[in-house]
Structures are given as C-alpha cells and as structure tokens.
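See structure below.
The values are calculated or read from the model by the stated rules, or taken from the named source; none is laboratory data. On a predicted model such as this, the values are computed, not experimentally measured, just so you know. Cβ: placed from backbone, ideal geometry, glycine included. Neighbour counts: every protein chain shown. To get the accessible areas, we keep the full protein, side chains included, count just its heavy atoms, and leave off ligands, DNA and RNA. Shrake-Rupley method; radii C 1.70, N 1.55, O 1.52, S 1.80 Å.
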Amino acid sequence: GLSECPFCGEAAGRELEAHVRARHGHLLGAPGTGNGDQLYECPMCSLTCTNIQILQEHVDLHLEEHNVSEDGNIRDLELAQRLQSEEDEWQRSEEEKREQEEFKKLQRQYGLDNSGGYKQQFLKNMEREVNRGRMQPFEYHKRKADMMECLAFGIDDGKTKTSGIIEALCKYYQSENKDMRRVWLSAGVDHFHSSVGDRGWGCGYRNFQMLLSSLLQNSLYNDCLRGTTLIPSIPKIQSMIEDAWKEGFDPQGASHFNNKLRGSKAWIGACEIYSLLTSLRIKCQIIDFHKPTGPGSIHPRLFEWVLRYYSADNEGGAKVVCTSKPPIYLQHQGHSRTVIGIEEKKNKTLCLLLFDPGWSSQEMQKLLKQNNDATSLKPLRKFVGSLKEKQYQIVAVDGVLSLEEKAARCCASQVLTSEKIP
C-alpha cells in the first residue's frame, strides 16, 4: 500500500509525507533546479520527468492522494463501526422489548399482573351483566352480599357444586356394563365448576375443592381436617397455600409467585396442591409422567398407574368396585382435572373417568338422571388416545402423616417433590 515509503520501503503509515521529506528530500532536489537534458523518474509510479520541480510537484500529488486515501479509510472504518454499534444496540433494544412483552403475557396468563383476584373478577363480570341488561340490579346486590359473606367466612358458596354423581355412576354401571370387564370408582366426590369469579384460571382450586369434598367424607382424615368442615372459597385456598409456604414448603415455587396468591388470578398446579395437602398432614405424592410412553404421543403408563391405584386392595370379583380411594388430581400444561375412576373393557382397553371444572352444573346434573346412557357419560370418558399432552402430573392421596413425617416432607420439598416415571 502507499503507507510504505517508495524510496526505502520502510513502513511509514500516515506519516509518509513527513518521512519522505525528512529522509529523502535530497532526492527530490530543490524547486527550479536541474536541466532539460537530465531525466527524473518518479519513485512511486516510474513516470519520467525532465525537470526536478515537476517531479517534486508530481510526488506531492502522490502524497496528497495517500493522505486522502488514509483518512478516507479511517472514516469508512469509523462509520462501519458506528453503524454496527447502532445495529447491535437496536437488536438489544428489540430483544428487551420482546422479553418484556413475553413476560407481561406470561404474567397475564398466570394471573400475576396485579389485575385483581376472585372478588374483583366476580364483581366486574356481574356489573357487565347488569350493563347488558342480563341481570337486574337487585339480583346483583343480593349476589354481591352473598359473595362478600362467604368470603368473610372463607367458605365456598356451593353454587357451582353438584353432589351424588359417583353414586349415580355406580348404579349405571351395575345395570349397564355389556363391554365392561371391571369398573373402579373413587369414594364419593362433589363436582365444582368455575364461576364468574374464577373463569379462565380457577381450575386448580376447583379440583382441590373436589378432592377435599371426598376427604371430608372419609373418617380417616377427620384429624387432619378437624378445622375444616365446609369447602373453602378460592381466596381461602390461596391463603392456605401461602400458609404452607410460610411453613417452608416449596420455597422455589413460592418465589415464583412472590410468596403471594391471595388477591390474584394466579394459576396453581400440582406442586401447590402437594404443598397444601402435606401442610395439612395428608399423605400424598406427585407422579411426573414427563414424556409419552406409547406411540403417537400417548401415555399408557399413566393409565396403568391409575388402574393400580384403584385396584390395589380392591381385587374382589365385583364388576363395579366402589372403592374408598380419594380422587386423583391430574395436571397438564394449562389445565387440570380430577380422576374419579377407571374402566377396564373386556378387550383390556382402559378408559379414565374425569371431572372437569369447565363443565357446568347443568351438564353434570344430567348424570344424576335415572335414564343415563352411554352418550351422557361421553364427557367423562378419556381413552388412551385422548390424552396426548407432552407431560402430565398427578397428585394422589394415600393416608395421613405424623408430625415428624410432615416435617421431613417439608425439608424434602425444598429440593424435590416429584417422582418421575421413566
């Protein structure tokens, strides 16, 4: 490049002009000297000049071009670096915006955006009904007063509850079991569905209410639940989970919710149900079906596990077995349901029976009718091919804990709470 001295080959960089004048000025001669007979060759481009002054002016032009070129290169480099820096900054800014939007979206999805909880949603939805002319103001004030009273006492208002379904199913299967080899049903359990106060986020709490309704009917759990005679409201369940966290259960999960559930629309899952039950000295376990165990993304091992749970200690010859087993909490990404039994067909096919908090009281009341048929049971039935989520977790209750066992489980929950099925 031109940064190399044409006379001596030494690297001179941006100081080439100064270097040439200082070191090799004598070769250029003084302006106006020389005679027309002598030829002078340019050391940069080999141009031949007849006059030393012309040669000097010619070399000066080379040096000026060099300086302009050098400055131009530096300016180009600086511009490129600035543009790259601005591009990097813009990308960082866009990434931060995306992350913030994603975080807000997740907060909204999981009810952690401080938009209010059960009470606020209940009142807001009822006000909307009044504004649309679907509810009379006096009905609004009555329901508001009832709701505030129930929240004050921490009890569920019972308006989404349907009782007696297990007993109705037991009768149905005894008279109508043509293709059945065996049916196992859980102990009595009430169905609870989401209301105007928890629609869209309350399934975990409603499934806990279902499970608790069964435990309250079982004398084995009287000691654990002696402070609970009625089903707690959702805000009360939120407080109960917060109390479990205060005892030291699942600190990692607690931090995810900033140790606060009450007054929020936060979704809960298997870990929160486990912590709550264990804090009440109810023995339970989480089983994690962390990947499909059959072709086509199905989970046959989940069905086999449920069959073992219900059939253990119930191996009698009766085709319809009404067990004393509590129902099972079933969780997958975004939703949870309650397993209330399992069918085994004559061809050994298994079918889970599920209560879904998304089903209304009207739908559940149909199951209480004497003229039930297979179509009315269709919403309850889930075959192996119906459960194709990537991952499932279940919480299964099995007895009571001593105070020492509860303390040990509290310590264990600070590390790991689930057993993975390989």
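Values as computed for the structure displayed
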{"read-out": "Amide H partners (placed H, <5 Å) of GLY341, local residues excluded", "value": "SER186, LEU353"}
{"read-out": "Residue-by-residue Karplus 3J(HN,Hα) for the range 196-203, coefficients 6.51, -1.76, 1.60, Hz, glycine and proline x", "value": "4, x, 9, 4, x, 8, x, 4"}
{"read-out": "Protection proxy ranking, peptides 220-227, 346-353, 269-276, average beta carbon neighbours within 10 Å, highest first", "value": "269-276, 346-353, 220-227"}
{"read-out": "Partner lysines for LYS144 [C-alpha distance under 26 Å; skip if fewer than 8 residues away on the same chain]", "value": "LYS119, LYS124, LYS159, LYS161, LYS236, LYS260, LYS265"}
{"read-out": "Per residue, in Å², the accessible surface of the range 159-420 once ligands and nucleic acids are set aside, probe 1.4 Å", "value": "43"}
{"read-out": "Residues whose placed amide H lies under 5 Å from that of HIS335, excluding near-sequence neighbours", "value": "none"}
{"read-out": "Cα gyration tensor, the range 159-420 - rounded (a/c under 1.5), prolate or oblate", "value": "prolate"}
{"read-out": "Burial ranking of peptide ranges 277-286, 79-88, 127-136 (average Cβ count within 10 Å, highest at the top)", "value": "277-286, 127-136, 79-88"}
{"read-out": "Highest-first arrangement of 165-172, 373-380, where packing means the average Cβ count within 10 Å", "value": "165-172, 373-380"}
{"read-out": "Carbon plus sulfur fraction of accessible area for the range 159-420, probe 1.4 Å, in percent", "value": "50"}
{"read-out": "Residues with amide H under 5 Å from that of ILE155, placed H, sequence gap 5 or more", "value": "SER233"}
{"read-out": "Computed over the range 159-420: relative contact order in percent, which uses C-alpha pairs under 8 Å that are six or more apart", "value": "31"}
{"read-out": "Net dipole in debye of the range 169-241 [+1 Lys, Arg Cβ; -1 Asp, Glu Cβ; about Cα centre; nearest 20]", "value": "100"}
